[in-house]
Amino acid sequence: MAEIKIDGKLFHERISHLTSAWKNDNLRNRDNDEGGIFRNASSILIMMGKVEQVPELHKNNAMHFWLLGYEFPTTLMLILLDTVYIVTTAKKAKHLEPLKDGRFPVKILVRGKDTEENEKIWTEITSAIKNAGSKVGVLPKDTSKGPFVDEWKKTFAEQCKGIEEVDITQALSTAAFSIKDESELRAMRTASKACVGLMTPFLLEEITDIVDNDKKVKHSALTDKVDKKLDEQGWWKTVKLPNGTRLPSDLDPTQLDWVMGPTVQSGGQYDLRMGVESNDENLHPGIIIANMGLRYKSYCSAIARTYLMDPNKSQESTYRLLLNIHNLIIKEIRDGVIARDVYAKALGLIRAKKPDLEKHFLKNVGYGIGLENRDSTLLISAKNTRTLKDGMTLVVTTGFTDVENPQPQDKYSKKYSMLLTDTIRVTSADAVVFTGESPTTADACSFFFEGEEEAVATPKKEKKDSRVGAVATKNITSTRLRSERNAQPDEAAEQRRREHQKELAAKKQKEGLKRFAESTGAKNGTEVKKFKRFESYKRDNQLPPKVRDLSVVVDTKNNTVVLPVMGRPVPFHINTIKNASKSDEGEWSFLRVNFLSPGQGVGRKDDQPFEDATAHFLRSLTFRSTDGDRYEEIALQISNMKRDVVKKEQEKKEMEDVVEQDKLVEIRNRRPAVLDNVFIRPATEGKRVPGKVEIHQNGIRYTSPLHGSQRVDILFSNVRHLFFQPCQHELIVIIHIHLKDHIVWGNKKKTKDIQFYREATDIQFDETGNRKRKYRYGDEDEFEQEQEERRRRAELDRLFQGFAQKIAEAGKNEGIEVDMPLRDLGFHGVPFRSNVFIQPTTDCLMQVVEPPFMVITLEDIEIVHLERVQFGLKNFDLVVVFKDFSRIPYHINTIPVEYLDAVKEFIDSSDIPYSEGPLNLNWPTIMKTVTADPHQFFLDGGWSFLQAESDEEDAEEEDEESNFEIDDDEMDEASESSEEDSDFGSNVSDEDDEDEAEMSDEDEGEDWDELEAKAKKRDRESGLNEDEGRSKKKRKH
């Protein structure tokens, strides 16, 4: 105890803060018998017994750490609103003596071996309790033991019979422990980073080494190895976190201690309760759960991760749902939110995605943490009504228990559980995840491996690509042309696709009927047009002064033309005027003003509907004057005003879907992650120069070096897709961001796509004759250049992919993940004017190399139709119809026909219904019919009219093929009929024979022409016989 040094200033600050909150709560609730969180207590009693063999952190321990910085066993602390009594031994009292010099009175009573003196001390304490009031605040769940505690309990029972004990557990949590100051948060951040260091670089590497080498290691042996690593002080100085950073330089490893010993579970036996110990079973390569908790300078942190070894699709889907729930909870936690509302949001997501997993979900998804390893008053459960505050620290823990595995690999895999735990800090904006450096994405936590024991005749197992996602890996083929592939597998695949498409079409039809069951009219299409009303002036005195002259006045300020009508000035808003013209007849000039009125327009431009059938409308007004120049000026002013107003309305309409973003919260206490020397598209105005991209708390910022004002902020909440496009086969390497809502950037136009790129070729690379060429000949220099080019490209890919991963990590609360294009599944097409290479990703179909960019989200697609699919054409077109019927269908034209099977397979594997037809359809007319009454559209069969066209085309092909498979009689009849109808039939031959007979009577010999005709006849007859024989052989087959 010689090294103990108590911070007296901090003690008096915190005790004053506690008593102030206590006084205020009692004042607010003095008329309430039950009181507030302090229960109208007049004193607070904190008891500590002897040292426990297995130390547990409860609120009495936390109170000592919070006030004194140390834990003092066999000590009683009585807190009044104006005094603190401390009863302890003589040795401990020496360390507490400096507390007497502060602003808050502290009285230290020293216990010894004299029984009478000890009784006097107890009497003084009980008297202070009784004098303070009739209620004393205690901790009911206090587990303190020992002679010191027993002696006090006996004294209290004898001398304080009229004193009521009230529970102040929540009061201490609210007023003392839950909201942390900066020094407390710093200790928790350090503890969290230590947890990350033990979990991700060390424990994960141990697990993967065991699985890869098929070692037999017990769970308990593995956790013992982690436990020993805590005491290796040299290791803490060298450990690197997943993001490349190191632990704080001022970390003192001697102050690290376990608060929840490391636990590893696998093999179907899972217990997600806190503090369970690892069993003696061997580590099983399936679903592996690892969790641990550390404390640093008395402040705790916890972390848990689930690692998936060769998971099946069901397990991957469950983990992705768990990760979405985990990120949703972290996103929802902020200042002012009620704990039960967070749990309700998580439960709502499960019910929407996979309701069958609700019974496997945890009963609470988090709790408070700090000086206590678990603050039960801050449970995030369905019943807790406590409000979260800025400065609180929580453990968010989400999981599923005992989920049935539909495809178990062995007896240990029949059931599995999953768990994710992070330590976070509550703020007024997005929560700060202290353990966020340890990745939780599906890609980072999933590991795939192939079996080593394979038979010789067994085909090689396909290597799984973690980027493929919903797109099957078998779609990636080594050939591009259909002629190079085996025809039999294509026929089987086509049949499989047809069956699957029938299921998708039926499902889409049901969804459409359900989706628009209550809709009538054009609710999903264009809105019902209403008669537009405009207001020029609210009062008469707002009219321009010139109207007193009863002349035509053009008021550009109010977009109004004031016309004299029957001796009164009448204002007409410019939106009610169609046009104005001036004409001359003799010495008179005429000004004609035409107005917009219902019924006069033709076609789609007639946007003036009838509101009142009995109303009268003004069509035009004509004025006469000898001042032609003035009328010409007025007509020009009206035309210019009309043009400007139309232009403003178009700009306003164009900017309707531009959403104003929240402000970017910059990182102040450290340097943000930066990607320098990158260009942006859409490009800024002026000279093209590279800028830099920075990652901040809630978004990223691009800044141009020319002007500090030329910058664009992209919030994580507005990011829908994040793509990384490597420079392989391309001239640039790209980080592309597709937004949820439009933003204004660059040339002041709205955009939904922002792209950061760098050219892969180094223009500054010296390709002229240098010193090396004096001594080398041949292709050595070119070979070095190629190697250097490959190295530069690989370095660029590594740099940009790493930065994209950092963006995803920073924005993981918004569900951001890095997506990469699958070049092997790409195809050429023309979405705009140029032919580009279009590539699918896990969630999209995209082209981001050439502007304008194309990003189509697969989940937004209603149906895909393939046009111009017929024999003989080298290209076909693809039309995407979106679920939002107000969006114009998207066309990708001139796709080479060799990609047809690959495109069909990609669409089918993405569970998107498709159809095909030989002609281009009039999609504006089709979508107008759909949006006019969607419910009736689906009642009439929905998209089945597209499928019917495909079925008719298939039927025609089958009919054409069936002509070669008729029976013998039909073939004979067909042959006879063809001979009768043919110009080269037998009748013609007979006539030739008769002619020849007549000629033979006249001439005894035959000339060369006659001989040639006979030869042709015999050739025809023999050819016909050969055809008949050939057809008979075909029928036999």
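The values are calculated or read from the model by the stated rules, or taken from the named source; none is laboratory data. Worth saying up front: this structure is predicted, and the values here are computed from it rather than measured. In this analysis, Cβ positions are derived from the backbone assuming ideal geometry, glycine residues included, and neighbour counts consider all displayed protein chains. Remember, those area values only see protein heavy atoms, side chains included, never the ligands or the DNA or RNA. Shrake-Rupley method; radii C 1.70, N 1.55, O 1.52, S 1.80 Å.
Values as computed for the structure displayed
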{"quantity": "Subset tally (residues that are modelled with pLDDT under 90 and among the aliphatic types (A, V, I, L, M)) for the stretch 273-288", "calculated": "2"}
{"quantity": "Matching option when the condition is touching a residue at least 60 places away in the same chain (Cβ under 8 Å), over 30 Å from H17 (Cα atoms) and not assigned by the TED database to the domain that holds R246, among G146, G133", "calculated": "G146"}
{"quantity": "Qualifying positions in the stretch 74-113 - outside any helix (DSSP H, G or I) and either open to solvent by 80 Å² or more (accessible area, probe 1.4 Å) or not assigned by the TED database to the domain that holds C160 (or both)", "calculated": "D82, R103, K107, K113"}
{"quantity": "Selected residue (criterion: most open to solvent (accessible area, probe 1.4 Å)) from residues of the stretch 676-696 that are of a type in the set (D, E, K, R) and touching a residue at least 12 places away in the same chain (Cβ under 8 Å)", "calculated": "K687"}
{"quantity": "Subset of the stretch 842-857 [open to solvent by 30 Å² or more (accessible area, probe 1.4 Å) and closer than 30 Å to G244 by Cα]", "calculated": "T842, D843"}
{"quantity": "Candidate set: the stretch 324-335, residues that are open to solvent by 10 Å² or more (accessible area, probe 1.4 Å) and part of a helix (DSSP H, G or I); chosen: the one farthest from I380 (Cα to Cα)", "calculated": "N324"}
{"quantity": "Out of V211, V196, V166, sole residue that is assigned by the TED database to the domain that holds T143, surrounded by 18 or more Cβ atoms within 10 Å (Cβ to Cβ) and out of contact with any helix residue (DSSP H, G or I) (no Cβ under 9 Å at 6 or more places or on another chain)", "calculated": "V166"}
{"quantity": "Selection count, the stretch 645-659, where residues are open to solvent by less than 70 Å² (accessible area, probe 1.4 Å) and either among the acidic types (D, E) or at pLDDT 90 or above (or both)", "calculated": "1"}
{"quantity": "Filtered residue count, the stretch 815-841, keeping only those that are crowded, with 20+ Cβ neighbours inside 10 Å and assigned to a helix (DSSP H, G or I)", "calculated": "1"}
{"quantity": "Test result for L349, in the same structural domain as T223 (by the TED database) and surrounded by 16 or more Cβ atoms within 10 Å (Cβ to Cβ)", "calculated": "no"}
{"quantity": "Answer from I380, I338 - the residue that is buried (at least 21 other Cβ atoms within 10 Å of the Cβ) and either within 24 Å of H284 (Cα to Cα) or in contact (Cβ under 8 Å) with a residue 40 or more places away in the chain (or both)", "calculated": "I380"}
{"quantity": "Only one of S278, S298 that is surrounded by 15 or more Cβ atoms within 10 Å (Cβ to Cβ) and either outside the structural domain of V365 (by the TED database) or at positive phi (or both)", "calculated": "S298"}
{"quantity": "Neighbours by Cβ (under 8 Å, 6+ apart or cross-chain): first from the stretch 550-574, under 13 Å from M641 (Cα atoms) and in the same structural domain as N640 (by the TED database); second assigned to a loop (DSSP other than H, G, I, E, B) and open to solvent by 50 Å² or more (accessible area, probe 1.4 Å)", "calculated": "H573/F534; H573/E535"}
{"quantity": "Residue among E232, E206 that is out of contact with any Gly (no Cβ under 7 Å at 6 or more places or on another chain), crowded, with 16+ Cβ neighbours inside 10 Å and free of Cβ contacts under 8 Å to residues at least 60 places away in the same chain", "calculated": "E206"}
{"quantity": "All positions within the stretch 699-727 that are open to solvent by 20 Å² or more (accessible area, probe 1.4 Å), modelled with pLDDT of 90 or more and outside any strand (DSSP E or B)", "calculated": "S717, P726"}
{"quantity": "Scope the stretch 61-73; condition assigned to a helix (DSSP H, G or I) and modelled with pLDDT of 90 or more; matching residues", "calculated": "A62, M63, H64, F65, W66, L67, L68"}
{"quantity": "Y70 vs. criteria open to solvent by 70 Å² or more (accessible area, probe 1.4 Å), among the aromatic types (F, W, Y) and farther than 22 Å from T377 by Cβ", "calculated": "yes"}
{"quantity": "Cβ pairs under 8 Å, 6+ apart, first in the stretch 397-416 and farther than 27 Å from L379 by Cα, second open to solvent by less than 60 Å² (accessible area, probe 1.4 Å) and assigned to a helix (DSSP H, G or I)", "calculated": "N405/S314; N405/Q315; N405/S413; P406/S314; Q407/S314"}
{"quantity": "Subset of the stretch 406-420 [open to solvent by 10 Å² or more (accessible area, probe 1.4 Å), closer than 24 Å to L347 by Cβ and in contact with a helix residue (DSSP H, G or I) (Cβ under 9 Å, 6 or more places away or on another chain)]", "calculated": "P406"}
{"quantity": "In the stretch 583-620, the residues that are surrounded by 16 or more Cβ atoms within 10 Å (Cβ to Cβ) and either outside the structural domain of S551 (by the TED database) or modelled with pLDDT under 65 (or both)", "calculated": "Q608"}
